[in-house]
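Visitor: Take this structure first; my questions come after.
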Amino acid sequence: MRIGVPREIKAKEGRVGLIPAACADLVGRGHTLYIEQKAGQLSGYSDDDYQRVGVNVVPDAATLYGEAELIVKVKEPIDGDLDHLRADHQLFCYLHLAAAPQLTERLLKIGLTAVAFETVEEQNGYLPLLAPMSDIAGKLSIQIGANLLQQPQGGKGLLMGGLPAAERGRVVVIGGGTAGGNAAAMAAAMGAEVTVFDRKRTKLERMRALGNNVTGLYPYPESVRDAVASADLLVGAALVTGARAPHIVSAEMVRQMSAGSVIVDISVDQGGCVETTQPTTYEAPTFLWEEVLHFGVTNMPGAVPRSASQALSASLIPFVQQIAEQGWRENEVLRRGINVADGALVHPALID
């Protein structure tokens, strides 16, 4: 199969769909690989690195899309990508269509088959292609939140872990899955007082095991309201596979937070689990609402493209290999990832 890796054009997005080592694997299996010029540059991979493993480096997106049958990229297609997509293309990337009705309509009109990384799902509910980026987003949420809490960044001037004679920061995490768990672990390691809300006891047990400064609670509305009101940093990490994120934290709850507090909503790609969340970019990452600083960047892992591209490629390669072969739709895990096909919505979360 002819597989194409375009350059990402979303603002400040430096990741690449496949690193050279992953491309080498596919070339070795007899597939023809194309990559757009400088697509790997921000991840630390030169055009020469790709050429050395047998990848064809092409000068522009039009050539890339024109040659390829399977398009492997990172973020959802935007203007500039959409103009090149055809009905006979198979698109494999993050899509987050539940929060993107206009993109959904464009893809339906094109008539291609689109498999979303975030809805490729194993029998036990594990999301193998979302997990590595959730790992990163969870860790980044605390690094970014700790920085934003500093007074020059607009925060209340609080050191996350505190120090002798100074109080510890209070971190509240909504969701104890991969992203929320990483956020809780990072905040706990920094010495903050951490409260994690999740519905599953197994996740709460894992959160509590992180240390004596971590509390796991069921998300009763009253418990969430009280914890949010006292939070210095609120991390939103709730997820319903393929669907729009539920608003677990209301605007009224946010209004009770003290001035200079920070919200980092990791679930912003799916609409956000905090009612006041708005999507932002790394060019203008934050906004104030009722004196609470919000961070809503929709491609958080794009800030660490080297690490993110390596982790993503390692998870992607077995699935790309399968899609590049005949009969891949018989694979139940991949079939769950199909969002649109032949001009119709396919994934149940989008149809409902």
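The values are calculated or read from the model by the stated rules, or taken from the named source; none is laboratory data. Small disclaimer: the values here were computed from a predicted structure and weren't measured. Note that each Cβ is placed from the backbone with ideal geometry, even for glycine, and that neighbours are counted across all protein chains shown.
Visitor: Does Gly145 qualify as being surrounded by fewer than 18 Cβ atoms within 10 Å (Cβ to Cβ), touching a residue at least 12 places away in the same chain (Cβ under 8 Å) and either part of a helix (DSSP H, G or I) or of a type outside the set (Lys, Arg) (or both)? Reasoning before the result, please.
Guide: Working: surrounded by fewer than 18 Cβ atoms within 10 Å (Cβ to Cβ): no; touching a residue at least 12 places away in the same chain (Cβ under 8 Å): yes; either part of a helix (DSSP H, G or I) or of a type outside the set (Lys, Arg) (or both): yes.
So Gly145 fails the test.
Visitor: To continue, here is another question. In the set Ala21, Ala68, Ala62, which member is among the aliphatic types (A, V, I, L, M), out of contact with any Asp or Glu (no Cβ under 7 Å at 6 or more places or on another chain) and surrounded by 19 or more Cβ atoms within 10 Å (Cβ to Cβ)? Don't jump to the end; show me each part of the working.
Guide: Values: Ala21 fails: surrounded by 19 or more Cβ atoms within 10 Å (Cβ to Cβ); Ala62 fails: surrounded by 19 or more Cβ atoms within 10 Å (Cβ to Cβ).
Selected residue: Ala68, the only one of Ala21, Ala68, Ala62 that is among the aliphatic types (A, V, I, L, M), out of contact with any Asp or Glu (no Cβ under 7 Å at 6 or more places or on another chain) and surrounded by 19 or more Cβ atoms within 10 Å (Cβ to Cβ).
Visitor: Follow-up. Going through the stretch 36-57 one residue at a time, which ones are crowded, with 22+ Cβ neighbours inside 10 Å and farther than 20 Å from Asn299 by Cβ?
Guide: Passing the criteria: Tyr50, Val55.
Visitor: If you scan the stretch 277-308, which residues turn out to be closer than 18 Å to Val171 by Cβ and among the polar types (S, T, N, Q)?
Guide: Those that are closer than 18 Å to Val171 by Cβ and among the polar types (S, T, N, Q): Thr277, Thr286.
Visitor: Being touching a residue at least 12 places away in the same chain (Cβ under 8 Å) and more than 26 Å from Leu97 (Cβ to Cβ) narrows it down to one residue among Arg208, Arg255; which is it? Don't jump to the end; show me each part of the working.
Guide: Values: Arg208 fails: touching a residue at least 12 places away in the same chain (Cβ under 8 Å).
Testing whether each residue is touching a residue at least 12 places away in the same chain (Cβ under 8 Å) and more than 26 Å from Leu97 (Cβ to Cβ) leaves just Arg255.
Visitor: Can you go through Pro246, Pro219 and tell me which one is of a type outside the set (Lys, Arg), in contact with a strand residue (DSSP E or B) (Cβ under 6 Å, 6 or more places away or on another chain) and either surrounded by fewer than 23 Cβ atoms within 10 Å (Cβ to Cβ) or over 28 Å from Glu167 (Cβ atoms) (or both)? Please lay out each step first, then the result.
Guide: Values: Pro246 fails: in contact with a strand residue (DSSP E or B) (Cβ under 6 Å, 6 or more places away or on another chain).
On inspection, the qualifying residue turns out to be Pro219.
Visitor: Now for a separate question. Can you give me the ranges of the strands (runs of 3 or more DSSP E) entirely in the stretch 66-139 with at least 1 residues that are out of contact with any strand residue (DSSP E or B) (no Cβ under 6 Å at 6 or more places or on another chain), under 11 Å from Asn339 (Cβ atoms) and outside the structural domain of Leu234 (by TED's automatic domain parsing)? If you could, list the steps in order and put the result at the bottom.
Guide: On the way: elements: 70-72, 90-93, 113-116.
In the stretch 66-139, 90-93 are the strands (runs of 3 or more DSSP E) which contain 1 or more residues that are out of contact with any strand residue (DSSP E or B) (no Cβ under 6 Å at 6 or more places or on another chain), under 11 Å from Asn339 (Cβ atoms) and outside the structural domain of Leu234 (by TED's automatic domain parsing).
Visitor: Can you find even one residue in the stretch 152-170 that is under 24 Å from Leu130 (Cα atoms) and either surrounded by fewer than 19 Cβ atoms within 10 Å (Cβ to Cβ) or not polar (S, T, N, Q) (or both)? Walk me through it before giving the result.
Guide: We begin by selecting, within the stretch 152-170, every residue under 24 Å from Leu130 (Cα atoms); these are none.
Checking the stretch 152-170: not a single residue is under 24 Å from Leu130 (Cα atoms) and either surrounded by fewer than 19 Cβ atoms within 10 Å (Cβ to Cβ) or not polar (S, T, N, Q) (or both).
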